[in-house]
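In what follows, a single structure is set out as structure tokens and then discussed.
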Protein chains: 2
Amino acid sequence: EWGHTRTFNTIDWVREKSKDRDRHREIANKSRQSTVALLHSVSDAFSGWLLMLLVGLMSGALAGGIDIAAHWLTDMKEGLCLVGFWFNHEHCCWTSNETTFQERDRCPQWQSWAEIMTGTSEVLWLRGGALAYFVNYLMFLVWALLFALLAVTLVRAFAPYACGSGIPEIKTILSGFIIRGYLGKWTLIIKTITLVLAVSSGLSLGKEGPLVHVACCCANILCHLFTKYRKNEAKRREVLSAAAAVGVSVAFGAPIGGVLFSLEEVSYYFPLKTLWRSFFAALVAAFTLRSINPFGNSRLVLFYVEFHAPWHLVELGPFILLGIFGGLWGALFIRANIAWCRIRKSTRLGHYPVTEVLVVTALTGMLAYPNSYTRMGGAELISELFNDCSLLDSSQLCGYKQSNSTSGAGVGNGLADRPAGVGLYAALWQLALALVFKMMITVITFGMKVPSGLFIPSMAVGAIAGRLLGVGMEQLAYYNHDSAIFRGWCSPGADCITPGLYAMVGAAACLGGVTRMTVSLVVIMFELTGGLEYIVPLMAATMTSKWVADAFGREGIYEAHIRLNGYPFLEPKEEFQHSSLTADVMRPRRSDPPLAVLTQEGMTVEEVEALVESTHYSGFPVVVSQDSHRLVGFVLRRDLLISIDNARKRQEGVVGASQVVFTEHSPAPADDAPPPLRLRGIVDLSPFTVTDHTPMDITVDIFRKLGLRQCLVTHNGKLLGIITKKDILKHMANDCQQRPRLHPLQL
Amino acid sequence: EWGHTRTFNTIDWVREKSKDRDRHREIANKSRQSTVALLHSVSDAFSGWLLMLLVGLMSGALAGGIDIAAHWLTDMKEGLCLVGFWFNHEHCCWTSNETTFQERDRCPQWQSWAEIMTGTSEVLWLRGGALAYFVNYLMFLVWALLFALLAVTLVRAFAPYACGSGIPEIKTILSGFIIRGYLGKWTLIIKTITLVLAVSSGLSLGKEGPLVHVACCCANILCHLFTKYRKNEAKRREVLSAAAAVGVSVAFGAPIGGVLFSLEEVSYYFPLKTLWRSFFAALVAAFTLRSINPFGNSRLVLFYVEFHAPWHLVELGPFILLGIFGGLWGALFIRANIAWCRIRKSTRLGHYPVTEVLVVTALTGMLAYPNSYTRMGGAELISELFNDCSLLDSSQLCGYKQSNSTSGAGVGNGLADRPAGVGLYAALWQLALALVFKMMITVITFGMKVPSGLFIPSMAVGAIAGRLLGVGMEQLAYYNHDSAIFRGWCSPGADCITPGLYAMVGAAACLGGVTRMTVSLVVIMFELTGGLEYIVPLMAATMTSKWVADAFGREGIYEAHIRLNGYPFLEPKEEFQHSSLTADVMRPRRSDPPLAVLTQEGMTVEEVEALVESTHYSGFPVVVSQDSHRLVGFVLRRDLLISIDNARKRQEGVVGASQVVFTEHSPAPADDAPPPLRLRGIVDLSPFTVTDHTPMDITVDIFRKLGLRQCLVTHNGKLLGIITKKDILKHMANDCQQRPRLHPLQL
């Protein structure tokens, strides 16, 4: 059903940029003539910045709204605020004066569903006990299913493009393709609403990826306000690149990381001007979000972490282990998810998206509710796992024995390593189960017909694994501080191991394994902690993770989905390995009929029309004559048809037998012949050419760097064939299957 | 004298990269055949990372050494440590137990020159008083002159390339030119030594720019260890880009800022792979530097700042003022410095570089010594200006009146705004004088024949201006906290204005005005403070500064010096504005003799040799025949000469009358003719071509993006001319003088 609605068009970067330069030149020339024109030139120059400001403001505001709404709906699954149903749990208890700091999330105003029902139906035995648990469980599932149903129905009914994370499609769009409606206002509205619903339904998905899509929709819509951007696809893509940065900036509160994400992961053409503007927009968005203050703590970042202990060189061992885990998980996840998506595409499963979403939601809800670590939202879980245990912490993860006698080291550091207590052991078991559950459920969740991001689930998997390893290391260090490994840096009573740091490193490793982000990931994490101190562990883990994952397959999850969906995307990072010549890839092949060409003179209108009708090509080369085949230029099908059509209507004497002339000076026509149709104006006299002997790697390079749509192939000055982006993609896909595997360290 | 030693060569990026891909392919193919080859492939893949590690280690170590040596020599100008002459002032007093925290820089072990002389000559009246001051003054000058003399002599004698900051040349090299010896071992050794001397001599220069040069030298030298990088100019430039990042990373302790600096300011070709590796190298270097710990405080960053008060929206006004000041200063500095350098080049001044350095050093020393803010080193001054006054601070800049009665607001905040005392007023006068002095002396210092960086002097100017404005604002706020501007956010007894922040913003603005860095500058500053809080002020100031400076001229100081020295640099940022066609720029011009071409058959060895001898072109197009002029390929002069030479020596029967044949299948030679010389192997059969109708902006784009050296121009498949990078540069230089001025906001 999807294939039909899709309309792909490639843009020609060189022409678009050339158009923009012409526009500039015109404005600059005019601006010297009058004051009005000068003002126009200034406002034109300023419009880029204004647009960035608007994108930042709008995206920041939307992100804030999404955060608040998702919080509220997520809490609604568990209960209701009696003071006003529009308060979420935390907000509800703020208004209560009775709560202490310790029990901040327990207040009489907030009642679970079981409590509310007890209140109304007076069935006293419901209060507390197994039945109350059951009622809450049931209500949790009911709400989750309701949210999920609403989300998938809205997506299907109004905006099919609103599903998924949107990053693969945005990468494709930025590389120069047009997917109509993908960044339209309906997509924006529906994605915003369904994103809230999907997150609230408790599915194993995040809102970070879709926020990039939301920001790009905002940018695309706002582009319509400015002629400069509305009319030029290349200029608009500069804005979209910046919007991708804005998306990550509001998702994590990391503007610099966002810009680098856009640069490293999604963008295709990223001039310096865009770098600077992206940064501006990302900052505006981050500050808009902060002034909305959705997390209620005036922190800019999603996970604020503050660690107290430095790390030691020996710990690089476990950090690299986490990197290996992250890489393996990333590779495994991509394989499993793609396999599952293929099943969905090829079997009847794909015909029942609503049922699928409901079943997965029910499954997630049922399995997640009993375990407190899976019941809470992904972001909340990660926050808790990153947390460094202080003495006052009441979290189960901080259930250490209060020891100041066992080791005999005295009081010492208040944050010193302590032996694990019963609470912590219980938490570890729960976490282990949560890890297995998250790993499974994320594979089948990503790719369903609801908005779904991958950042949070991937990070959650890594954070759980990291925390488990961290606590393990901590206990090892506590009980073996005299062994060779720990001696010298981990004396009793010292705080040597920070499990929260392990969780952070694990999260980075897993996210790196799945997306293959590197620098931007480290920078995002750096912005979360705000210190250079932890960059080395993070980098060691993400690097290892990338190498390990690359050994199993070069593609990140986004590239894999691009290929799965068959988007025409020319990967800018991948090196072309096969040694073929352009002559092997161009069309026509040896067995094909010869290339359809126009001659610069001598063809009649009828002949030209017949040629155009008989083919579906979007353009035709013009040659000197059928004999010499020397290349003159290239003419677009659309221009040709329109020109002939216009001429037939308006120009007197143009009939089917009229000569079509592409030369500058045509020979005088015979006396009895109809007047010729002069079409030199529509010929592109500077088509890009390569020779048939050009190695394909150079041709691919030219296509990538210049953003070409097609290129003509010549031999000794004679036209031989044509090569298009699609030919290259097809060739690379074949090549991909045969080519020798290079060592992953190369990348 | 310089022009002669310079040997420029352009590299052809496309060919170099193609060569590297071939190499890769070969290794990959071999690696499937044997284990040894597989190991070789792995080691080859790993060599890039190993090289980065080595570059990071070496640069970090060198930077640490330079820091330590410069500290020691700078202190030596003032006195000597009696415990051991190899201790610097601070280090000397560490060993003393008598010092308190307050008087940490006064200890009996450290003696000024006057004290030492008193000690030895027993002339008691020398101790203290005017004569002691005079003796210290004199010794200060003598040492400064000695250091400067040594520096300039070493540079002139051993490595003329060691002078200046090196960044303009590195930009040129990275854009694809070869300057032999510029990154050699002699340059490295001499630059390292003379940098220490130049910094210690007290001249108004910094070591940050030259550190980039030093790091690039390290990288270039280390490249020789790896065949992959030794033999491929394009690959080596990837390493050099990373090294530029390393340089800034060690200069400021800002690895992320360093990478962005390399990306924004110096690099030409920066693939993602390089981004990741640069980041790695920058981190390694930063941590190497930290473990050497040259600042003695285990801080990574050069200026560590910690502010206590947030900024208020109203303060954006003064921040933007600082931006305007920075922009004006930047524009003025560039004009003045370039004018001075022109004078140096064109008049007899240029013939006496040693005298010039000595005179400037003497002038600097004489004027700087009496004012404590100019006497201290640039970095130290900036550090002091950035500092937020705490209550215990004994610095003169914190000479506030201890007021808790005037305002009646009680004790309140210990850091509250206070009225300025006598000490502060004195300091302000000194700062104002220092500002004027720094502005003047930097103009004539930058460009002398010693290693000299611009970062620190520019930042110092901005920091002084910022601090002055900051203190002014503080006093304004203190005395007018009821006025409309300050009411609502600056109540009495509150700490509302932080003069240190103004200094930081001013420093960023001035550096931005001079270098036109934007994002990287903000990120470097962000890494110094480690908080997102102050990004908005910094961004507002640097943006304003860039716009203001751009209004007076687009070029940053580095581009201006590139143009001054006539380096062939194709600016990647600048938009080409003129609307000309390739036909207008290519050679031969209409009045010129026709292009020298070879025909694919029919020319004799003698004819070819005569053609090559009669011209100085580095390559010749090969055409089908003199009549048709259809393009076959391109052959390099060097290849042609070598091949003919070899053939004459080794191949039997090749004489002057032999036919030179570039075709695949040549017609059988006449019976009596000597055997033909087949040279198809040396012909590049895929030369880049554009048509004569291609607009120049597209041609320039192709040159930039593909990194071409030359491109052939055709018309209807026939060769018409050739266009080289030099032609484009010449054309752009002409164009630059005529083209309409665009609004600076465009960039």
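The values are calculated or read from the model by the stated rules, or taken from the named source; none is laboratory data. Everything quoted here is computed from the prediction, not taken from an experiment. A quick note on method: Cβ atoms are made from the backbone with ideal geometry, for glycine too, and the neighbour counts reach across all protein chains shown.
Below are the figures for this structure:
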quantity: Of all residues in the stretch A:689-733 being of a type in the set (G, A, S) and crowded, with 21+ Cβ neighbours inside 10 Å, the one that is modelled with the highest pLDDT; calculated: A:G721
quantity: Flag if A:A647 is among the small types (G, A, S), surrounded by 11 or more Cβ atoms within 10 Å (Cβ to Cβ) and either free of Cβ contacts under 8 Å to residues at least 40 places away in the same chain or outside any loop (DSSP other than H, G, I, E, B) (or both); calculated: yes
quantity: Members of the stretch B:505-521 found to be within 14 Å of another protein chain (Cβ to nearest Cβ) and closer than 15 Å to B:R335 by Cα, listed by number; calculated: B:T515, B:R516
quantity: Every residue from the stretch B:346-374 that is charged (D, E, K, R) and in contact (Cβ under 8 Å) with a residue 12 or more places away in the chain; calculated: B:E356
quantity: Scan of the stretch A:151-186 for residues that are without any contact (Cβ under 8 Å) to a residue 24 or more places away in the chain and hydroxyl-bearing (S, T, Y), ordered by number; calculated: A:Y182
quantity: Residue selected from the stretch B:617-663 under the condition within 14 Å of chain A (Cβ to nearest Cβ) and within 12 Å of B:I682 (Cβ to Cβ), by the criterion modelled with the lowest pLDDT; calculated: B:F662
quantity: Residues located in the stretch B:166-178, provided they are more than 13 Å from B:R236 (Cβ to Cβ) and not in a loop (DSSP other than H, G, I, E, B); calculated: B:I167, B:P168, B:E169, B:K171, B:T172
quantity: Matching entry among A:G247, A:G317, A:G258, A:G296 (being modelled with pLDDT of 90 or more and surrounded by fewer than 24 Cβ atoms within 10 Å (Cβ to Cβ)); calculated: A:G317
quantity: Residue that is nearest to B:V284 (Cα to Cα), among those in the stretch A:522-536 that are in contact with a Leu (Cβ under 7 Å, 6 or more places away or on another chain) and away from chain B (no Cβ under 11 Å); calculated: A:Y534
quantity: Test for B:D697: is it away from chain A (no Cβ under 14 Å), outside any loop (DSSP other than H, G, I, E, B) and of a type in the set (D, E); calculated: no
quantity: Any hit, the stretch B:572-583, residues being among the basic types (K, R) and within 14 Å of another protein chain (Cβ to nearest Cβ); calculated: yes
quantity: Positions within the stretch A:594-650 being under 43 Å from the mean Cα position of the chain (by Cα) and of a type in the set (D, E), in sequence order; calculated: A:E613, A:D639
quantity: Selection within the stretch B:247-277 - at the interface with chain A (Cβ under 9 Å from one of its Cβ atoms) and either within 29 Å of B:A69 (Cβ to Cβ) or part of a helix (DSSP H, G or I) (or both); calculated: B:G253, B:A254, B:P255, B:I256, B:V259, B:L260, B:L263, B:E264, B:L272, B:K273, B:L275, B:W276
quantity: Within the stretch B:538-567, tally of residues that are within 12 Å of another protein chain (Cβ to nearest Cβ) and either buried (at least 24 other Cβ atoms within 10 Å of the Cβ) or among the hydrophobic types (A, V, I, L, M, F, W, C) (or both); calculated: 8
quantity: Single match in B:S452, B:S458, B:S491, B:S483 (criterion: touching a Ser or Thr at 6+ places or on another chain (Cβ under 8 Å), of a type in the set (S, T, Y) and under 28 Å from B:A426 (Cα atoms)); calculated: B:S458
quantity: One residue from A:L706, A:L685 being out of contact with any strand residue (DSSP E or B) (no Cβ under 6 Å at 6 or more places or on another chain), at the interface with chain B (Cβ under 7 Å from one of its Cβ atoms) and among the hydrophobic types (A, V, I, L, M, F, W, C); calculated: A:L706
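Quick grid of which residues meet (1) surrounded by fewer than 14 Cβ atoms within 10 Å (Cβ to Cβ); (2) within 39 Å of the chain's Cα centre (by Cα); (3) at pLDDT 75 or above; (4) within 12 Å of B:R467 (Cβ to Cβ):
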position: B:I382; (1), (2), (3), (4): no, yes, yes, yes
position: B:V411; (1), (2), (3), (4): yes, no, no, no
position: B:G414; (1), (2), (3), (4): yes, no, no, no
position: B:D417; (1), (2), (3), (4): no, no, no, no
position: B:G423; (1), (2), (3), (4): no, yes, yes, no
